[in-house]
Amino acid sequence: MISRVAVTGLGCVTALGGDVSATWEGLLAGRTARGPITAIPVGGCRVTEGAQADLTDWPGYTQRELGRFSRASRLALPAVREALAGAGLLDAEGRCVLDRLEMVVSTTACGMEKGEGFLKSVWAGDFREQPARVARYQAQQQIAEIQRHFGFDGPATMIANACAGGGNAIGHALDLLRAGEVGPVLAGGYEALCELVFTGFDSMQSLAPEACRPFDVNRNGLMLGEGAAFLVLEREESARSRGARVLGYVAGYGSTTDTGHLTQPAQDGGPLEQAVRTALEQAGLSPSRVGYLNAHGTGTPLNDGAEAAVLARVFGGGPTRISSTKAALGHTLGAAGAIEAILTLQALQTGCLPPQIHLQTPEPVIADMLAGMDEQVSIEAAMSVNLGFGGSNAALLFLRA
Amino acid sequence: MSWSVLSYGVVSPGGMGVDALSRPWLPTATQSADGTRRHTTFLVDREAPDLKRSQREPRLRRASPLSSYLLEAARQALEAAPGVDRKKTGVVASLFLGCLVYSIRFYRQLTEDGRRFASPLLFPETVFNSPLSHVVTTLGLGGPVYSQVGDTSSWATALRTADCWLTNGSAEHVLVLGAEEFEPHALDAFHAAGFFRKPTAVSEGAGALLLSREGPGVALMGVADGYAFHSRNAANGAATRCLRNFSEEIPILDTAVGWTRTIKIPPDRPVVENLVANPCLAGTAAFAWDTILAAEILKNSATPKSLVIPYWGHTHQCAAAHLARP
């Protein structure tokens, strides 16, 4: 008999706040984090706004030392701390009580601004900071900084399945625990704004020049954001035996690859639907049991059209309430699935639903399913779905504790 | 864990197929991007017919060299195992450098020409999982698909992912891929990272290992992953902890290159000299090749019957795998 997989710790940093409660309060209040981008150079781009997070100081580090960290590490470290502390895995000195802790983490750009700085230094013939820039760029360096700071090691799987990677990371953690992994798994994702990726989306004219409007018929693009989110997953008996508080369960995971186009989903959303139905089947639930669904909802015409079609087919006529939180937090790419998983769990725990903000003329097929302000319901199951470049799809199903 | 190694695929500077790993490769002296030094490199012939044929696929006309390496290695492995149901085959790729060629080209273009003139066609090909998306589409694979990044040793993490899928039944077969593409800026980065303090040739290419829940021959028996080190001095301890996962009687294949040659294998453990003709730093591809060569040794020789293949990462962690002949 496969044990249930419990969630015992949550932590996040988003453009709405430096932890889960600040992010959640901002979302429920209907705020958006959209503002001018100042952390990276965006001059010359068609769009120069997005959802930029505030970096917090880190106890025990000087500003000079903090300056050496990649922006990605500055976002990830506080999120990891909140998740481990919530799971009861930190000692009084803030070190992890476990010597080895498995990690599954998603990112698309690693510590990219360090890599960009390295390239510019090569072109300028400036050799002074090159070793430090190289050392802080790659994804394993952010993992190493987390491991070093909290004092553990262990396997670290870094999934780079683009914007679905955060969902894949949590799903893979679930798979590892089901396959026999005994200890807790720290799963999540991080993403920092960087020039290459911001300019890339701008070049594709994917960025919304004004407010991001997921599932609105007049939607015209996404808002890029940044952030980090981590969850502690473990077998239920492990959580119970050490007295950890169970915040919810991960009960289903579906992942598929849409092979139609590198950057566009199939118009009917067929592969996404397959991922959603797989997650439901794993959990043994019918769609009518899902009370809330955190949609990918980037605000781009093609994504939201395909996704709305799937959600209407699978959940239409039922009680499922839907919203995309990217209108408020921005699209955080590799971190999105992890941030949205946390928000889905928050909805399960509290019954409060993040509203679909910036909605003027809803996409007709799901118009009556989109959550409004101040909605509160009692739900037993909730889902989070993500799509990404390369055709990656991920669907996660959570149960209330 | 006991997963059958059904077949392999190799893209290397010596050509296609496993035999190319045992031939001497033609070295070239390649200038770093800053123009200040030259390093020995072994480079894949990107005009080779086996690689060019992938560009006949409409979707692959603009794809990176990395995409064609991955596709060719995967294709070889699948063609060598014709009975495999591709719809039940998962694929996991491990990448140390990722889409280097297009990422640097895209960034240079936006830096020099201005952000307004960045290419919307180039950008999607810079994304880590684009190459594997091309592979899955072209070969019609229907199982789970992960692109994984990290240290050179992330090849071991990919093997663990395959183990997870085969254990859970998410896939009947899993293609495990390691691949890297060369770009001269890598020489500048490796120099800055101190990789050239020991003489090291740099290379590129891909390796594919097709694992199956059932089958004859050599099997993957175990993977030890995640022994981190925060300095090169600490790597010996990480390697020792890693090797404790395997019986002391199992011989260890010597796979170290560059600075990882300073990592000491405990003196009481038997060591088998690696037969790789061209020791080089080729990231995850090199560890894929080492694993394939180990499988060949086990398949073709009376002894040993079992081998541990160390994956001493260059930047983060030590890992290893255990292959055996039943």
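The values are calculated or read from the model by the stated rules, or taken from the named source; none is laboratory data. As the structure is a prediction and not an experimental result, all values here were calculated from the model. Neighbour counts run over all protein chains shown; Cβ positions are idealised from the backbone, glycine included. Please note that ligands, DNA and RNA were not included when accessible areas were found on the heavy atoms of the full protein model with its side chains. Shrake-Rupley method; radii C 1.70, N 1.55, O 1.52, S 1.80 Å.
Residues are listed down the side, and each one gets a yes or a no for (1) crowded, with 19+ Cβ neighbours inside 10 Å; (2) without any contact (Cβ under 8 Å) to a residue 60 or more places away in the chain; (3) over 30 Å from A:L77 (Cα atoms):
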residue	(1), (2), (3)
A:S286	no, yes, yes
A:G299	yes, no, no
A:G317	no, yes, yes
A:A336	yes, no, no
A:L348	yes, no, no
A:S378	no, no, yes
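Which residue out of B:A201, B:A234, B:A206 is among the hydrophobic types (A, V, I, L, M, F, W, C), open to solvent by 10 Å² or more (accessible area, probe 1.4 Å) and away from chain A (no Cβ under 13 Å)? Answer to the check: B:A201.
Restricting attention to region B:255-278, the residues that are without any contact (Cβ under 8 Å) to a residue 24 or more places away in the chain and under 21 Å from the mean Cα position of the chain (by Cα) total 2.
Among helices (runs of 4 or more DSSP H) entirely within region A:280-384, having at least 1 residues that are touching an Asp or Glu at 6+ places or on another chain (Cβ under 6 Å) and over 25 Å from B:V127 (Cα atoms) singles out A:301-315.
Tell me which residues, restricted to region B:115-141, are part of a loop (DSSP other than H, G, I, E, B), more than 7 Å from chain A (Cβ to nearest Cβ) and under 17 Å from B:A208 (Cα atoms). Can you show your working first?
Of region B:115-141, the ones part of a loop (DSSP other than H, G, I, E, B) are B:118-122, B:127-129, B:140-141.
With more than 7 Å from chain A (Cβ to nearest Cβ) added as a condition, the list becomes B:121-122, B:140-141.
Scanning region B:115-141 gives B:G140, B:L141.
Restricting region A:237-259 to residues that are aliphatic (A, V, I, L, M) and either touching a His at 6+ places or on another chain (Cβ under 7 Å) or over 19 Å from B:N168 (Cα atoms) (or both), the residue that is least open to solvent (accessible area, probe 1.4 Å) is A:A239. Filtering region B:49-64 to residues that are within 14 Å of chain A (Cβ to nearest Cβ) and of a type in the set (A, V, I, L, M) leaves B:L60, B:A63. Screening the candidates B:G143, B:G114, B:G98 for the property of being small (G, A, S) and either open to solvent by 60 Å² or more (accessible area, probe 1.4 Å) or within 19 Å of the chain's Cα centre (by Cα) (or both) yields one hit, B:G98. Restricting attention to region A:95-125, and to residues there that are more than 9 Å from every other protein chain (Cβ to nearest Cβ) and touching a Pro at 6+ places or on another chain (Cβ under 8 Å), which single residue is surrounded by the fewest Cβ atoms within 10 Å (Cβ to Cβ)? For region A:95-125, the residue satisfying everything is A:L98.
In region A:126-158, the qualifying residues are those that are more than 9 Å from chain B (Cβ to nearest Cβ) and without any contact (Cβ under 8 Å) to a residue 12 or more places away in the chain, and the one that is surrounded by the most Cβ atoms within 10 Å (Cβ to Cβ) is A:D126. Within region B:281-326, the only residue that satisfies the criterion of being assigned to a loop (DSSP other than H, G, I, E, B), crowded, with 24+ Cβ neighbours inside 10 Å and either more than 14 Å from chain A (Cβ to nearest Cβ) or among the hydrophobic types (A, V, I, L, M, F, W, C) (or both) is B:A282.
Could you list, in sequence order, the residues of region A:118-132 that are of a type in the set (A, V, I, L, M) and over 13 Å from B:G35 (Cα atoms)? Before the answer, list the steps.
Within region A:118-132, the subset of a type in the set (A, V, I, L, M) is A:119, A:122, A:124, A:132.
Correct list: A:L119, A:A132.
Candidates in region B:146-170 are the residues that are surrounded by fewer than 24 Cβ atoms within 10 Å (Cβ to Cβ) and among the small types (G, A, S); of these, the one that is farthest from A:A160 (Cα to Cα) is B:G169. Applying the set (1) in contact with a Ser or Thr (Cβ under 8 Å, 6 or more places away or on another chain); (2) at the interface with another protein chain (Cβ under 7 Å from one of its Cβ atoms); (3) of a type in the set (F, W, Y); (4) closer than 24 Å to B:P184 by Cα to B:W155 leaves exactly one unmet item: (2). Of the residues making up region B:90-114, those that are in a loop (DSSP other than H, G, I, E, B) and in contact (Cβ under 8 Å) with a residue 12 or more places away in the chain are B:F96, B:L97, B:G98, B:C99. Restricting the search to helices (runs of 4 or more DSSP H) fully inside region A:67-179 and requiring at least 1 residues that are under 20 Å from the mean Cα position of the chain (by Cα) and closer than 25 Å to A:A53 by Cβ gives A:71-86, A:112-124, A:139-150, A:165-179. Taken over region B:206-254, the criterion of being within 20 Å of the chain's Cα centre (by Cα) and not hydrophobic (A, V, I, L, M, F, W, C) is satisfied by B:G207, B:S212, B:G222, B:D225, B:G226, B:Y227, B:D254. Within region B:9-53, being farther than 29 Å from B:A294 by Cβ and in contact with a Leu (Cβ under 6 Å, 6 or more places away or on another chain) holds for one residue alone: B:S32.
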